[in-house]
Amino acid sequence: TDGTSEFAYRVAIDAPTGTDLVHLRVNPKGSRFSDLILAPRDVATVTGRVPVVHSGRQRVVDVSYRLAGVDGGWLSLPVPRAVAERVVEPVIAPIASIPLPHRLTGLTGTHGSARPGDGGEFRDLHLYASGDRLRRIDWKATARRSQGFGDLYVRRTDATSDATLMLVMDSREDAGERVADWSAESIGATSVSSMDLAREAAASLAVAAIGTGDRVGLIDLATHDGMVVAGGGKRHLDRLLRRIAISGPSGIRLSRRRAPIVPAGSIVYLLSTFLDDDAPWIALLWRAAGHRVIAIDVLPTPRLEGSEQHTQIAHRLLMAERRRRIADVRANGIEMFRWQEDAEQPSRAVMLRTLARAGRRRR
């Protein structure tokens, strides 16, 4: 939570006979490396603070070493060795209102539905019919409305129901804030990336939905084995959060000929940067099938400092295509908002509350 994590690691090197010294270089990710000179059979414990900016699977500490002989000459070339690799959990943002499908299909839950049943809000007063429960008879309404002997009125309520949410992550690429780093293999140590925002959004939505008794599933568009079937409960939430935390950029294009199958009546949350047409194409297929689709833009606010002129021109062209793509998505009935807070747009909480109210009006 404070942007840093403390890792303790123990280094032991079994040096061959004739080695006088071991030159050890410890390189924590995001920090300056440290050089240590050790005796050949000593065991050293090194503790340091490693800044953690990104979530997901990442290498925390790299260690390389060289051996020195009796005459002071180096007996070996530097030997790299990865010492610590960790999976950093994404931040869970609080969500007060979560948009739901236009049509609720579950038989029990915490959301009011449009069909009569038990557990929901007051619906109407109706003449007693076969199958009505005696405890639902409203004696005051019966005394007030009854026109003849034997007329009984019962209070009917709306049934409660649950919803199914499908989280769809587009993990093919990872774009940071600095445009100059988009062509690099790694994101800057101080730059928030699109995968960081996607993991945070997916984990936050999963925690909020399962906390209200809904079912949540996960689909990773970049992999064919990255699907988690929709479910609920604490154990299912732990499984979802683990799968979200280990998701990472694959760098491959989509090879799907059709959209993945999602449960009937579910709402689809698509988390993507929308830098190409593949993810919007799949979202339009889901929308055409009758699903409510909410697109979440996880592209960080670009920073152009340090970019060359040709990079800035390419960025302007790419953003123009992206704006056209987003306009087409909105025009086809897909709701959309940005996950990263932006002073020029309504806050994330306001957008979620607005989308949740729109869904209730439709139901």
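The values are calculated or read from the model by the stated rules, or taken from the named source; none is laboratory data. Note that the coordinates shown come from a computational prediction; the quantities given were computed from them, not determined experimentally. No Cβ is skipped: glycine too gets one built from the backbone with ideal geometry, and neighbour counts run over all protein chains shown. Ligands, DNA and RNA are stripped out before the accessible areas are found, and what is left, the full protein with its side chains, is counted by its heavy atoms. Shrake-Rupley method; radii C 1.70, N 1.55, O 1.52, S 1.80 Å.
Quick notes on this one:
- Rounded if a/c under 1.5, otherwise prolate or oblate - the stretch 285-352, Cα gyration tensor axes: oblate
- The share of accessible area on the stretch 299-363 that comes from carbon and sulfur is 51 percent, using a 1.4 angstrom probe.
- Note on residue 342 and residue 324: their simple-model spin labels are 1.9 nm apart, each label 7 Å out from Cα toward Cβ.
- Per residue value of the accessible surface for the stretch 264-363 (all protein chains in place, 1.4 Å probe), Å²: 51
- Here the label points at residue 79 and residue 149, each 7 Å from Cα along the C-beta direction, are separated by 10.3 nm in the simple model.
- Cα-projected label distance for residue 139 with residue 288, points at 7 Å along beta-carbon direction, nm: 6.1
- Cβ-based net charge around residue 195, under 12 Å, with every Lys or Arg adding one and every Asp or Glu removing one: -3
- Extension gain for residue 127 to residue 261 (0.36 nm times residue separation, less C-alpha to C-alpha distance): 43.9 nm.
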